[in-house]
Amino acid sequence: MRIPRSITLPGDFKILVKEVPKSQLVGITGTVEMEAAWMSSIQTIYLNNEKTEERRKWDLVHEFGHALVDWLEYLGGLGEPSQEEVTRIKEEFKQQVVEVLVHAKVEEDVIKEVEGL
């Protein structure tokens, strides 16, 4: 299963996913210590394409967690949503989380637990 090129969360919060060489990642982050990064200013997750696919998927899930924090702040700026909007956002969010977990090949019982929330 391939890594997605973008993830769109409720509220039209689009996250780009780019796989780049380590040298480009160093240029973006300014450090050699990072293997992946969430750049909130441009809503982009960068992954080191020199790592294994399994490691890139793990890094994607990790960086997606950082993106979720920014998404929640973004939603807070949209004003008070109706109960219907909250329910719709919750369901769309759950679907996005499940998609990321499936891409990362997380154990099925964990995915089923998230689906049941």
**Q.** Overall Cα dimensions of the chain - principal axes, largest extent first, Å
**A.** 46, 34, 19
Q) By a straight-distance test (C-alpha under 25 Å), which lysines pair with Lys51 as possible cross-link partners, with residues fewer than eight away in the same chain excluded? A) Lys14, Lys18, Lys22, Lys105
(Q) I'd like the antiparallel share, as a percent to the nearest 5, of DSSP beta bridges with both residues in the chain. (A) 60 percent
Q: Please identify, among Val102, Val69, Val17, the residue showing maximal mean-square fluctuation in a Gaussian network model of the chain using a 10 angstrom Cα cutoff.
A: Val69
**Q.** the stretch 7-58: radius of gyration over Cα atoms, expressed as a fraction of 2.2 N^0.38 Å
**A.** 1.17
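Work out how much length Ser40 to Arg5 would gain on full extension: take 0.36 nm times their residue separation and subtract the Cα-Cα distance, in nm to one decimal. Before the final figure, lay out the partial values.
Details: separation 35, 0.36 × 35 = 12.60 nm, distance 1.62 nm.
Length gained between Ser40 and Arg5: 11.0 nm.
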Q) Just Glu84, Glu54, Glu63 to compare: in a GNM of the chain, with alpha carbon springs under 10 Å, which one fluctuates most? A) Glu84
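What length, rounded to one decimal in nm, is gained on full extension from Glu50 through to Leu72, with 0.36 nm per residue of separation minus their alpha-carbon distance?
Numbers: separation 22, 0.36 × 22 = 7.92 nm, distance 3.10 nm.
Stretched fully, the Glu50-Leu72 segment lengthens by 4.8 nm.
The numbers here are math on the coordinates, done by the rules we state, and not lab data. Predicted, not measured: the structure shown is a model, and the values here were computed from it.
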